[in-house]
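S.K.: Once you've had a glance at the structure underneath, I'll fire off some questions.
Nothing in this text is a laboratory measurement; each read-out follows from the coordinates by a stated rule. Nothing here was measured: the structure is a model prediction, and the numbers come from that model. Because the Cβ atoms are built from the backbone with ideal geometry, glycine has one as well, and the counts that use them run over all protein chains shown.
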2 protein chains.
Amino acid sequence: MSEADTAMSDTTGSFADWVSAVQHRTESALDRFLPQATIAPARLHDAMRYAVLGGGKRVRPLLCHAAGALSGASAEALDAAACAVEMIHAYSLVHDDMPCMDDDVLRRGKPTVHVQYDDATALLVGDSLQSLAFLLLAEHCPVPADTRAALVSQLAIASGSRGMAGGQAIDLASVGLPLGVEELEFMHIHKTGALIRCAVRMGAACGHLDVDAHGRLDHYAGTVGLLFQVVDDVLDCEASTEELGKTAGKDAAANKPTYVSTLGLARARERARELHAEAIDSLSLFGDAARRLRELADFVLTRKH
Amino acid sequence: MSEADTAMSDTTGSFADWVSAVQHRTESALDRFLPQATIAPARLHDAMRYAVLGGGKRVRPLLCHAAGALSGASAEALDAAACAVEMIHAYSLVHDDMPCMDDDVLRRGKPTVHVQYDDATALLVGDSLQSLAFLLLAEHCPVPADTRAALVSQLAIASGSRGMAGGQAIDLASVGLPLGVEELEFMHIHKTGALIRCAVRMGAACGHLDVDAHGRLDHYAGTVGLLFQVVDDVLDCEASTEELGKTAGKDAAANKPTYVSTLGLARARERARELHAEAIDSLSLFGDAARRLRELADFVLTRKH
């Protein structure tokens with residue numbers, strides 16, 4: 001076991017060390033699973049690597065590994081599941097940033113893929129990352145075949161028209177509309193929540209848990225998914241572009257409904273604290289095994305970028 | 001069994017009746033697998049149905065069913081595999097037609113998705129159809145779990161950066177370049193060939209065949225994939241836009257290398273006849289069970305649109 005692997009499976013070490021170990025492990029697995037930039041078509045493979053490697057907080061892989069620790073999943077299975085969900089996330093960012101969607105030029109402090117390469121390449125990068133995500137689950141995840149098929153189903157539902165892509169469609173249709181908090185949450189449950197929930201569910205599915213435990217974890221994941229978005233909206237309102245590594249104040253400028261525009265800043269902050277308490281509460285029966293999941297909820301609440 | 005089902009499994013009936021039965025069956029399965037346009041997000045689901053239903057020759061489903069007849073696969077398993085490969089094909093057309101790619105306004109005689117809806121919706125339609133294709137294989141294909149996982153792998157490889165999407169990238173990079181026939185075939189083996197080959201492979205994988213038979217079928221499929229593209233290039237040069245249902249002469253106008261621009265029209269026609277003979281030859285040991293596959297090779301050679 002490498003030093004990083006030891007830190008990852010150690011539940012007594014600091015949160016910062018654990019995060020760093022999972023991030024390091026995920027980066028190295030992503031690097032291994034992505035085609036090398038020397039393989040034809042080289043420019044496409046180079047752009048896929050640019051889109052995925054060397055950036056991001058890896059929130060979904062962290063949630064996947066933390067849930068997997070609870071279900072006794074192997075680190076190798078969790079690598080494949082974590083990389084699959086991260087590739088779906090990365091593809092969605094590449095497509096969302098394109099001129100026909102959010103038309104953004106900056107992501108994780110770097111030019112977006114369509115700026116660095118071109119629009120057609122960005123389109124193909126997103127398409128190819130999606131295929132690769134499903135390939136990882138079907139072929140490179142060392143769990144029984146029925147589990148691999150179940151992982152593919154879960155990720156396909158979470159990323160498709162009744163999950164993330166559907167949430168994007170609702171988001172586009174809602175520009176300029178005065179949404180209520182229920183409609184706003186419906187959108188975010190799909191757009192951001194579905195994939196975050198899926199990360200937790202897949203981590204759990206790589207090991208073994210009873211139905212009741214899956215239900216409680218799922219409640220945790222749904223709550224953290226919303227929390228993530230509320231905090232995102234608060235940060236988008238408060239932070240500078242430099243701190244965020246992406247264009248700040250963009251949603252307000254684009255007349256998109258946010259928690260802040262819907263609830264006001266003070267009530268949005270309060271909603272974040274409520275969701276955090278609910279997430280922590282849903283973990284109460286797991287004891288110390290859920291430590292990393294609790295720490296992740298704290299992290300999502302208190303993050304500054 | 002419905003009348004259409006009987007015609008489909010009948011190997012003594014006419015080719016036209018069999019084609020019509022498979023097309024009918026596929027249309028009805030696609031309709032069932034696609035989310036209803038009444039389910040939110042309704043506009044996205046409406047656009048997904050517009051992109052997939054009511055058009056197309058269904059060449060890939062026909063190949064999938066014909067190969068499945070040879071391996072003893074169930075019609076229900078073949079429906080799922082055929083619809084999955086057709087959804088990948090449909091998504092690729094939607095994305096290829098977008099302004100940042102081929103910028104085409106006409107497809108199957110109708111306005112393309114980005115014209116009928118908008119660019120952002122077209123992007124999300126393609127993304128969502130891809131997820132749905134993998135969901136069908138993982139969840140709605142009545143074969144053992146290890147076969148479902150293998151189908152997901154095959155389709156993911158065929159559609160990703162080392163298959164169809166990779167072929168698109170090579171195609172984009174080759175605009176204006178004088179390609180040799182080997183480079184041209186390398187591009188088409190990826191862009192069109194990979195998915196056609198996958199359709200045959202998936203149909204066979206839904207049943208049982210020995211390794212040698214899989215190898216011969218695979219050779220057939222690779223050859224038919226190239227044949228399909230050579231004929232496409234000849235038709236693009238010869239036919240009118242009205243006959244094709246899509247813009248004719250587009251590749252030449254866009255300065256894209258084709259078999260006709262590389263070989264000349266006479267030699268391209270000759271190459272088509274050679275590939276057809278090779279495809280038929282690779283089926284020689286299968287006897288009458290391969291009748292539909294032979295007829296499909298004839299159809300691909302002689303089609304007028």
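S.K.: Work out the P(r) tail for region A:148-305: percent of alpha carbon pairs separated by more than 21 Å, whole number.
M.R.: 48
S.K.: Give the Kirkwood hydrodynamic radius (Å, one decimal) of region A:166-231, defined as one over the mean of 1/r across all pairs of different Cα atoms.
M.R.: This gives a value of 12.7 Å.
S.K.: May I pose another question? A 23 angstrom limit on the alpha carbon distance is what I want to check against. Which of A:Lys191/A:Lys256; A:Lys57/B:Lys191; B:Lys110/B:Lys304; B:Lys57/B:Lys191; B:Lys191/B:Lys304; B:Lys191/B:Lys256 exceed it?
M.R.: Beyond 23 Å between Cα atoms: A:Lys57/B:Lys191.
S.K.: Return, for the Cα atoms of the protein assembly as shown, the radius of gyration and Dmax in Å, separated by a comma.
M.R.: Taking only Cα atoms of the protein assembly as shown, I get Rg and Dmax of 24.7, 76 Å.
S.K.: Rounded to a whole number, what is D in µm²/s for region A:3-302 from Stokes-Einstein with the Kirkwood radius over alpha-carbon pairs (37 °C, 0.692 mPa s)?
M.R.: 169
S.K.: Under Stokes-Einstein, with the Kirkwood radius over Cα pairs standing in for Rh, what whole-number D in µm²/s applies to region A:61-111 at 4 °C and 1.567 mPa s?
M.R.: 104
S.K.: In whole Å, how far is the Cα centre of region B:187-237 from that of region B:122-141?
M.R.: 22
S.K.: Calculate the mean, over all residues of peptide A:88-98, of how many other protein chain Cβ atoms lie within 10 angstrom of the residue's Cβ.
M.R.: That average works out to 2.
S.K.: Apply the Karplus parameterisation 6.51 cos²θ - 1.76 cosθ + 1.60, with θ equal to phi minus 60°, to every residue of region B:217-233 and state each ³J(HN,Hα) to the nearest whole Hz, in sequence, with x for glycine and proline.
M.R.: Taking θ as phi minus 60°, the curve returns 4, 5, 5, 3, 5, x, 5, 5, x, 5, 3, 4, 6, 4, 5, 4, 5 Hz for region B:217-233.
S.K.: May I ask you to report, in nm to one decimal and beginning with the shortest, the distances from A:Ala239 to the same position in the other copies, taking label points 7 Å along Cα-to-Cβ?
M.R.: Taking the point 7 Å beyond Cα along Cα→Cβ, the inter-copy spacings are 5.3 nm.
S.K.: Which one of A:Gln168, A:Gln116, A:Gln154 has the biggest mean-square fluctuation once chain A is modelled by GNM with Cα springs under 10 Å?
M.R.: Ranking A:Gln168, A:Gln116, A:Gln154 by mean-square fluctuation puts A:Gln116 first.
S.K.: I've got another one for you. Give me the inter-chain shielding for A:168-180: mean count of other chain Cβ atoms within 10 Å, whole number please.
M.R.: That average works out to 3.
S.K.: Let me ask another. Charges on Cβ only, +1 for Lys and Arg, -1 for Asp and Glu, centred on the Cα centroid of region A:259-305; of A:Gly287, A:Leu265, A:His276, which one is farthest towards the dipole's positive end?
M.R.: A:Leu265
S.K.: Taking B:Pro142 in one copy and the same position in all the others, each labelled 7 Å out along Cα→Cβ, what are the pairwise distances from the first, in nm, shortest first?
M.R.: Nearest to farthest, the other copies are at 3.6 nm.
S.K.: For chain A, set up a Gaussian network in which alpha carbons nearer than 10 Å are linked by springs, and say which option among A:Gly72, A:Gly13, A:Gly167 fluctuates the most.
M.R.: Ranking A:Gly72, A:Gly13, A:Gly167 by mean-square fluctuation puts A:Gly13 first.
S.K.: Okay, next question. From the label point of B:Thr12, set 7 Å from Cα along Cα→Cβ, how far away are the matching label points in the other copies, in nm, ordered shortest to longest?
M.R.: Here B:Thr12 shows inter-copy label distances of 7.8 nm.
S.K.: To the nearest 500 deg cm²/dmol, what mean residue ellipticity at 222 nm is calculated for chain A from DSSP H runs of n ≥ 4 alone, each contributing -39,500 (n - 2.57), summed and divided by the residues?
M.R.: Helices in chain A give a 222 nm mean residue ellipticity of -22000 deg cm²/dmol.
S.K.: Also: Among A:Met202, A:Met187, A:Met87, whose mean-square fluctuation peaks in a Gaussian network model of chain A (Cα, cutoff 10 Å)?
M.R.: The residue with the greatest mean-square fluctuation here is A:Met187.
S.K.: In peptide B:198-206, how many Cβ atoms from other protein chains are near each Cβ within 10 Å, on average?
M.R.: Per-residue shielding by partner chains comes out at 0.
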